[in-house]
Structures are given as C-alpha cells and as structure tokens.
1. Pairs under 6 Å by beta carbon, first residue in contact (Cβ under 8 Å) with a residue 60 or more places away in the chain in region 156-182, partner in a loop (DSSP other than H, G, I, E, B), six or more apart or different chains?
2. Quick check: anything in region 77-87 touching a residue at least 24 places away in the same chain (Cβ under 8 Å), buried (at least 16 other Cβ atoms within 10 Å of the Cβ) and touching a helix residue (DSSP H, G or I) at 6+ places or on another chain (Cβ under 8 Å)?
3. Can you tell me which residue within region 227-246, out of those that are under 21 Å from the mean Cα position of the chain (by Cα) and modelled with pLDDT under 95, is surrounded by the most Cβ atoms within 10 Å (Cβ to Cβ)?
4. Output the residues belonging to region 173-190 that are farther than 15 Å from residue 219 by Cα and buried (at least 16 other Cβ atoms within 10 Å of the Cβ).
5. Output the residues belonging to region 105-118 that are closer than 23 Å to residue 65 by Cβ and more than 16 Å from the chain's Cα centre (by Cα).
6. Of the conditions (1) in contact with a strand residue (DSSP E or B) (Cβ under 9 Å, 6 or more places away or on another chain); (2) at pLDDT 95 or above, residue 137 clears all except one; give me its number.
7. Kindly evaluate residue 204 against the criterion of being without any contact (Cβ under 8 Å) to a residue 40 or more places away in the chain and over 19 Å from residue 139 (Cβ atoms).
8. Restricting to region 1-36, name every residue that is part of a loop (DSSP other than H, G, I, E, B), under 24 Å from residue 113 (Cα atoms) and modelled with pLDDT of 50 or more.
C-alpha cells in the first residue's frame, strides 16, 4: 500500500499549485479519556491548525497539520505538545479514463488515498480506496470516501497494528448572505466514530480572497472497540472549542 500511496501523492504534487490555505487557533477543555485528544488533568488545550486545499480537473489534494499545546500533559504521556498531520490526495477517474463519470447525483469518482501520522503515540495510518463528489441539495460541497485502512501505533512502548475500513463524509454549506458557514467531517471505522464540525461567522474580508472568521468547533470521538489496551475499554472525547480562522 505504501508504494501506491506514494504514487498517488507524487502525481498530485506534480500536477497542482495550491489554491487556498488557512490558519486556525482553537481552545477547549479536554477532560475525556482518549489518548488521542485528552489531557491528564482534564485541562485546556490549544491547537494551531494549518491547511492547504486544491481542486483541479486532475483531482484534488488536502493537507492539514495540527500543533497542540496542553496546559497539563497529554493523557498517558509526559508531553505537553504534539504534532499531527494528514495528507489526502485523490485522482479523478474521469480525467484518467477520458470518460465523463458524472450524473445527476455524482460529480466525479476518485482514487482516494490518505496518510496520517502523529508523534503522540507514534501513530501512523495508511488508507486507500474510492471517493466521490456528490450533488446534495443545501450543501456547497459533499464528499464521500471509502477506504481500506492500516493503523500502526505505539502505546507504553508496545507496538500495535490494526486493519480496518473507514467511511468518511466531508461536507460544508453557508447560510445566504449572513456570513455564517458550517462544515465538518465524519470518520467511521470498524472500531471508532469521530466527527468535527465548525460553525463560523465571517467578521471581515481582507482583500479579494482573504477572510477572518470566528466561531466554534465541536469534537466528538468514541471507540466502540478497544483491543489496543484493556485498561481503557470505553474511550470517549467530547469537547466544544472556540476558534478563530484566517483564510486566503
């Protein structure tokens, strides 16, 4: 899978110049029991997020990186800071095949890939599958990606691996000329459900294409099956964060 993921990433990078970027600052109280998100004393955590997105006829590529700073140490860790990133290239099958695969519901079909990594528990995930851009009334965009997923991580010096699936809707809309927008995503796997949703208000435009927004992000994560460690069989994180975002 690594060779296929590398080929998809290389093809996307060679084709694209990034079309949009953003920087966000988020803060919230992380008092659940998830080693991925929560802190040892249930205190506040600040996240700096950098995002890139481009969508062209050849496909699209999305990248983000989080740098987190906790008031306490992270759960099951002696670290207060962490870095996590995901890169998600997709190649258009319409472009590759030379045939228009769109219809009244589907805009396009993609070879979808993803690579995730973080230093908190030496986490790595490789995903490969198919994706679609859908036409859904009321939404500015709606993606649905389905992957085979390989996870490798280290907990308390023990190495774990897992093969599973992942179903990932990605969606967004705006509410007329109010300046209010809503967007988010869901990741559903064979052992977990996670979602992050943002409600933002556009404070001001800066130039022709830049804007500054404030609002909230709700984060929810739940593991229905934890076979990595029996010491924490019911994992859940549920946090509302305030956020500010600058896009250009």
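The values are calculated or read from the model by the stated rules, or taken from the named source; none is laboratory data. The shown structure was predicted, so the numbers you read here are calculated from the model rather than taken from an experiment. Here the Cβ is made from the backbone with ideal geometry for all residues, glycine too, and neighbour counts use every protein chain on show.
1. Pairs that qualify, where the first residue is in contact (Cβ under 8 Å) with a residue 60 or more places away in the chain and the partner is in a loop (DSSP other than H, G, I, E, B), are 160/228.
2. Checked against the condition, which is being touching a residue at least 24 places away in the same chain (Cβ under 8 Å), buried (at least 16 other Cβ atoms within 10 Å of the Cβ) and touching a helix residue (DSSP H, G or I) at 6+ places or on another chain (Cβ under 8 Å), region 77-87 yields at least one hit.
3. 235
4. 181, 189
5. Residue satisfying the conditions is 110 alone.
6. With (1) in contact with a strand residue (DSSP E or B) (Cβ under 9 Å, 6 or more places away or on another chain); (2) at pLDDT 95 or above applied to residue 137, the lone miss is (1).
7. Answer is yes for this residue.
8. Residues of region 1-36 part of a loop (DSSP other than H, G, I, E, B): 1, 16-19, 30-36.
If we keep only those that are under 24 Å from residue 113 (Cα atoms) as well, we get 1, 16-19, 36.
Within region 1-36, 1, 17, 18, 19, 36 qualify.
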